[in-house]
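Participant: Below is the structure I would like to discuss, written out as structure tokens.
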Amino acid sequence: MPYIKQSRRRELNYIVNDMLCADLQPHGDLNYILYAYCKRCIAPGYTGYKNYLGELTEAAAEIRRRLLAPYEDEKIRENGDIS
């Protein structure tokens, strides 16, 4: 994940806070927002769509690496590993 400067994070956190205030649901609402952003803001064509999908893929990889993997490790410690 590209680690952006703190000043830019503060700017973007306003958007995240607005999403929270709007009671954004990850079960459809987020999909719609990401699709609508792509449709309106990404230059049509292979390269634009490919790069946007790459951003989404890398965001998923970061969630897996930073959030899901530690959770799985914790559950292994609690319940034992699969043998």
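Bear in mind these aren't lab numbers, they're just calculated from the coordinates by the rules spelled out. As the structure is a computational prediction, the values presented were derived from the model and not from experiment. Cβ placement follows ideal geometry from the backbone for every residue including glycine, while neighbour counts extend to all protein chains displayed.
Participant: When the chain is modelled as a GNM with alpha-carbon springs shorter than 10 Å, which of Asn17, Asn31, Asn51 fluctuates the most?
Facilitator: Asn17
Participant: If a paramagnetic tag sat 7 Å from the Cα of Leu68 along the Cα-Cβ line, which residues of region 1-28 would have the backbone N under 12 Å from that point?
Facilitator: none
Participant: Would you grab the residues whose amide H sits under 5 Å from the one on Leu24? Only those 5+ places off in sequence or on another chain, please, with H modelled 1.01 Å from N.
Facilitator: Distant-sequence amide H within range of Leu24: zero hits.
Participant: Note the full-extension length gain between Ile82 and Ala59 as 0.36 nm times their separation in residues minus their Cα-Cα distance, in nm to one decimal. Let's see the in-between values first.
Facilitator: Numbers: separation 23, 0.36 × 23 = 8.28 nm, distance 2.81 nm.
Full extension from Ile82 to Ala59 adds 5.5 nm.
Participant: Now for a separate question. What full-extension length gain, to one decimal in nm, is calculated for Asn17 and Tyr37 as 0.36 nm per residue of separation minus the Cα-Cα distance?
Facilitator: Roughly 5.4 nm would be gained on extension.
Participant: Shifting gears a bit: Using the scaling law 2.2 N^0.38 Å as the reference, what is the normalised Cα Rg of the chain?
Facilitator: That ratio works out to 1.42.
Participant: About its Cα centre, how strong a charge dipole does the chain have in debye, to the nearest 20, once Lys and Arg get +1 and Asp and Glu get -1 at the Cβ?
Facilitator: Dipole about the Cα centre, nearest 20: 460 debye.
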